[in-house]
1. Using only Cα atoms and rounding to the nearest 10 degrees, what angle (0 to 90) does helix 7-19 make with the longest principal axis of the chain?
2. According to a simple spin-label model (label point 7 Å from Cα along Cα-to-Cβ), what is the distance in nm between residue 80 and residue 110?
3. Mark the label point 7 Å from the Cα of residue 119 along Cα→Cβ and return the residues of region 66-88 whose backbone N is within less than 17 Å of it.
4. Full-extension gain between residue 296 and residue 210, please, as 0.36 nm times their residue separation minus the C-alpha to C-alpha distance.
5. Can you give the net charge of the other residues whose Cβ lies under 14 Å from the Cβ of residue 234, counting K and R as +1 and D and E as -1?
6. Would you mind calculating the gained length between residue 71 and residue 263 on full extension (0.36 nm times residue separation, minus the Cα-Cα distance), in nm to one decimal?
7. Name the most mobile residue of 292, 208, 178, meaning the one with the largest mean-square fluctuation, in a Gaussian network model of the chain with Cα contacts below 10 Å.
8. Quantify how much of the Cα-Cα distance distribution of the chain extends past 31 Å, in percent.
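Every number in this text was worked out from the coordinates using simple rules, so none of it is lab data. All of these numbers come straight from a predicted model, not from anything done at the bench. Here Cβ is always computed from backbone atoms with ideal geometry, including for glycine, and neighbour counts include all displayed protein chains.
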Amino acid sequence: MNNVKSPLVIFLCVATFVGGGCNSMIVNDTPAQIPQNGSEIYTIAMSINPDGTYSIPNSYSARIVVDGEIHKMDKNSDFAYSYDYIRSADQHKVNYYYEVDYRKKVNGNFRQKFERSKLYSLTIVNRYVVGFESNRGVPGSTVTLLGRGFEKEDYVEIDGVPCETTFVSPNSLSFVVPILGHGNRHHAKLISDNGDIGLGIFQIDRVPFHANLSSINLESGEKQVLVITINFDAPQEGIEIDATTNIPDSVIMKDIFIPAGARSTSMVIKGGIAGSGMLYLTAAGFEELKIPVEVISSNEGTNATVDDGTSDD
């Protein structure tokens, strides 16, 4: 019979011994998660399966190593130990392992033995999310997120876009709905140093533009000022409005942009050659605004398409 162990078996036993032995006698009696309590004291407990009939019961002693610090454990019975961990401020996860010393009789001689457990993690659950006050909104509106354990650095992210978030209290955050395109159902998440939390689907409804003109009527060469307004302050990057028309030879105009913090912008529309059609204003997160346009000929404006005439606005 070949009694030589394969290198893989030897490696597994050595690796397991470093983390707790091939057949560890140490049993962790502490759950992976413990709810937060008012005293901020959390009992970590373990028990020992004695090492055969030759170990000496009253020789056992146990230690716990918590985040690198060694602490003696209280002996509750011959083979049961506990340690009261006092949570430090804002600590939500604790890594720990156990060490056990004992004596055992081997070949008539007493020998000191040592056992180490594997590494465990304890999460103190003091934060959760109840949900949005409302799970839908329009860009620029403020929505409240309710829960427990929020911190000042926490913020809401929607489809990877960080939202302007305000810490109200440990039980409440408020955030500004961002401008997003590509449909109105978006994935929201709470981003935190203590672990991100998925918030489910948040629906962003499209918001309308408002214009000072319901229709545009011009003679060739004539100008009108079109003012576009929104119901909230434009975000830091501003809002670029795409203005197109199905009568490009009849409508002469420049790009439209609402700067950061502003709620309106204006542009000059100049009549080109005679024609009638529509002006279309679109932007991500906004409803399309359609404005009828009619340009009629005049003796002075027939060559208006040669020079856009907007440089002297």
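1. That works out to roughly 90 degrees.
2. Modelled inter-label distance: 2.7 nm.
3. 66-70
4. Numbers: separation 86, 0.36 × 86 = 30.96 nm, distance 2.54 nm.
Stretched fully, the residue 296-residue 210 segment lengthens by 28.4 nm.
5. Working: positive: 263; negative: 164, 233, 237, 240.
After counting each charged neighbour, the total is -3.
6. Values: separation 192, 0.36 × 192 = 69.12 nm, distance 6.12 nm.
Gain in length upon complete extension: 63.0 nm.
7. Of 292, 208, 178, the most mobile in the Gaussian network model is 292.
8. Working: 29259 of 48828 pairs.
Everything past 31 Å amounts to 60 percent.
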